[in-house]
2 protein chains.
Amino acid sequence: MTAAGRPGADQGSPRTVLSRAFAILDTFAEGQPEQTHGSITRATGMSPATVHRQLAELVEWGAVERTRRGHYRIGLHLWRLGSLAPQGRELRDVALPYLQDLLEVTHEVVHLVVLDENMALYIEKLESRPDVAVVSRVGGRLPLHATGPGKVLLAYAPPAVLNEVLAGGLTRQASGTITDARELQRALAEIRRTGHCISRQEMTDGAASVAAPVTDAHRRVIAAISVVVPSSTPDLSPLVPPVRLAALGISRELRSRRHVAGEHLDD
Amino acid sequence: MTAAGRPGADQGSPRTVLSRAFAILDTFAEGQPEQTHGSITRATGMSPATVHRQLAELVEWGAVERTRRGHYRIGLHLWRLGSLAPQGRELRDVALPYLQDLLEVTHEVVHLVVLDENMALYIEKLESRPDVAVVSRVGGRLPLHATGPGKVLLAYAPPAVLNEVLAGGLTRQASGTITDARELQRALAEIRRTGHCISRQEMTDGAASVAAPVTDAHRRVIAAISVVVPSSTPDLSPLVPPVRLAALGISRELRSRRHVAGEHLDD
C-alpha cells in the first residue's frame, strides 16, 4: 500500500511538514519493510530534495535506519515507542500467558487480533511445530470478512464498520471465503449467538480456525483470539472450549485491572 | 525520561517542526505511557498552542490516541509501523520458536534483548508460571552492566560502548550488581572466553540468570537471550547448555536467511 492510500495523506501530495514525514513513514509496510530514496520519492510524489531532508531528520531521531546499500528500514526508536500502545502492551501482556497455555494444549498456531481501520491487525502470533502454514504476521493486517478473529471483531463492531466492509467488497481469499453479504451477516449473527466462530479455508486453503471474543472492563469486545489447525481436522468443536476459556480468562483479567487496554475507547 | 534526555532534542527547545513532534512522542516512555496536554507542555518546554497543534496532527495520523479523560497514549498506527523494525520482526520471528522451546524446558522467564543507545532493550519476554519476579518489560530498557543479556551485549560491543557505560557510572541495582570497572571488565572477558554469562542478583534481588549471544550472518553479536530463575537455585550450570543451544539455533537460522536482522549494521 502506498502513502496515497493512508489517512492523512489522501488529499494529494502532503502539505504540512508533519504530514510529509508521516507519508514517508507510511511507505514502509507489511511486505515492503525496506525503501530507498527513489522508491519513497515515487510513492509520495514529493521532491527528491524534500525526501532527502526529511529522511535525514527521521534517521537522526531513529525513526528509520539507513543500511549501507542505501536502503532504509524502520528503526528501533519507533519500535520502542510503538510498544507503548495499549493494545500492544497491556492487552498483549495480559493475553500472553493464556495464549501460551492454549499453544501448549493445541501445538498449532495461536493469534491475538484487534480491529484497525476496518482490518484485522495481528498483535501476537505464537506457533509450535504447526501442521499448517498461515499467512498472518505480527503487525500485519488481513481482511475482516476472511479470517476467524476478523469475523468475531466484525460481529461486535458498530454497524458502520460492517457497512464499510460490505461496500469495499467481500474479496475471495481462499476456497471457503464468504463472498455473499447475506451469508456474512448470517455468520456474524451466529457468532453473537454462540460466542465463537468456526472457519474453514476462508483466508488460506488448508487451514481452519476457531476464534472467540475478548472483552474489556466495560464488557465491550476489544480483541479476538484464535487457534488455527489443518482444515483436514474433521471435527473442530473440541477446540471451542479451550479457545473460549482462554478468551474468557483474558477478559476476566482485563476487568480486574484498573488501566485496561481499550479503556481509551469509551472512558 | 523527558524529551531533553533524548537524541535530537538535546540542544534546548526543539526548533524544527519534526523535532517538536519527536519531542512530544518522546515524552511517552516506559513507566509513563500516558500523557496530558499539560504534562507534555511541561516536559518539552514548548508553548501550549504549539503542543495543541502538533497533538492534533499526531492524533489525526494515529501516532497517538486521545482518551476521554484528556489523556494521550501511543496509537496503533505507530505500533504497526514500529513492528516493521528488523530487530522486532525478523530477529523476533526467527527467535520465537527457540524461546518457546526454552520456556517449555525451563518453565521460567525467557528474554530476547538487543543493544539500544547503550541500554539493554527487551524485544521479547516469555514467562510460564515463574517462581521469580523480574522487572523487564517488552519495549523496556535496563542498564547493560546489571543484566545478563546486557553484559553479553557489552562483551561483544565496540570499546566505545564500554567506555560510555563506565563513564556513566556502574549504578547499583541490586545486592549483586557489579559496580567496579575492573570487575566488570573481568566478567566481560569471561563471557568472551566461555560464550555465556551467569549472573546472580545483579538487577533484581532473588533472581539469577544465564545468558548467551546471538550472532548474525557475519558472526557479529546482534542480540542476547537469557533464562531467569530464582537466585536460590544452587547450581545454574545445567541451564548453560539449553540457553547456548537456543542461541546457537537462532544464530544458525539467521545465517541461513538472506535478509538477516542486523544486516543493516555492516553490509
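Bear in mind these aren't lab numbers, they're just calculated from the coordinates by the rules spelled out. Keep in mind that what you see is a predicted model, and the values were worked out from it rather than measured. Cβ placement follows ideal geometry from the backbone for every residue including glycine, while neighbour counts extend to all protein chains displayed.
Per-residue mean of foreign Cβ neighbours for B:110-120 is 1 (Cβ atoms of other chains, 10 Å radius).
Between amide H atoms placed 1.01 Å from N, distances below 5 Å from B:THR215 occur with B:ILE222, B:SER251, all of them 5 or more places distant or on a separate chain.
Label-point distances for A:HIS107 to the equivalent site in the other copies, using a point 7 angstrom along Cα→C-beta, read 1.8 nm when ranked shortest first. Rounded to a whole number of µm²/s, how large is the Stokes-Einstein D of the protein assembly as shown at 37 °C and 0.692 mPa s, given Rh as the Kirkwood radius over C-alpha pairs? Value of D from the Cα-based Kirkwood radius: 136 µm²/s. The equivalent ellipsoid of region A:48-90 has semi-axes of 25, 11, 7 Å, largest first, where each one is the square root of 5 times an eigenvalue of the Cα gyration tensor. About its Cα centre, the dipole of chain A is roughly 420 debye, where the only charges are +1 on Lys and Arg Cβ and -1 on Asp and Glu Cβ.
Rounded to two decimals, the Cα-based Rg/Rh of region B:65-212, with Kirkwood Rh, is 1.01.
Per-residue shielding of A:90-103, expressed as the average number of other chain Cβ atoms within 10 Å of the residue Cβ, stands at 2. Mind pulling up the Rg/Rh value for chain B? Radius of gyration and Kirkwood radius, both on Cα. Rounded to two decimals, Rg/Rh equals 1.00.
In chain B, the longest principal axis of the Cα atoms and the axis of helix B:92-106 are about 50 degrees apart. Spin-label model, A:ASP180 to A:GLU104: label points 7 Å out along the Cα-to-beta-carbon direction sit 4.4 nm apart. Scattering from region B:137-252 was approximated by placing one identical point on each alpha carbon and applying the Debye formula without solvent; log10 I(q)/I(0) at 0.09, 0.14, 0.23, 0.24 1/Å stands at -0.22, -0.54, -1.43, -1.51. A simple packing score, the average count of other Cβ atoms within 10 Å per residue, orders the peptides A:70-83, A:14-27, A:140-153 as A:140-153, A:70-83, A:14-27, with the highest score first.
The mean sequence separation of alpha-carbon pairs under 8 Å and at least six residues apart, normalised by the residue count of chain A, gives a relative contact order of 14 percent. A simple packing score, the average count of other Cβ atoms within 10 Å per residue, orders the peptides B:160-172, A:220-232 as A:220-232, B:160-172, with the highest score first. Label-point spacing at B:VAL135 relative to the other copies reads 4.5 nm, in ascending order, each point sitting 7 Å out from Cα along Cα→Cβ. When region A:158-236 is described by a simple charge dipole with +1 on each Lys and Arg Cβ and -1 on each Asp and Glu Cβ, the residue from A:GLY176, A:LEU236, A:PRO159 located farthest towards its positive end is A:PRO159. For region A:140-196, with equal point scatterers placed on the C-alpha atoms only and solvent neglected, what are the log10 I(q)/I(0) values from the Debye formula at q = 0.13, 0.31 1/Å, to two decimals? Scattering profile of region A:140-196, log10 relative to I(0): -0.27, -1.56. In straight-distance terms, cross-link reach from A:LYS125 covers every one of the lysines whose alpha-carbon lies under 20 Å from its own, apart from those fewer than eight places away in the same chain; here that gives A:LYS151, B:LYS125.
A point 7 Å from Cα along Cα→Cβ stands in for B:ARG53, and the other copies hold the same point at 1.7 nm, listed in rising order. Across peptide B:67-78, the mean count of Cβ atoms from other chains lying within 10 Å of each residue's own Cβ comes to 6. How tilted is helix A:48-61 with respect to the longest principal axis of chain A? Cα atoms for both, answer in degrees (0 to 90, nearest 10). Roughly 60 degrees between the two axes. Nearest to the axis that brings chain B onto chain A is this chain B residue, judged by its Cβ, with the distance in whole Å: B:GLY82, 1. Rounded to the nearest 500, the 222 nm mean residue ellipticity of chain A from helices alone is -12000 deg cm²/dmol, with -39,500 (n - 2.57) taken per DSSP H run of at least 4 residues.
As a rough guide to protection, the peptides B:207-215, B:179-187, A:28-36 ranked by mean Cβ packing within 10 Å, highest first, stand as B:207-215, A:28-36, B:179-187.
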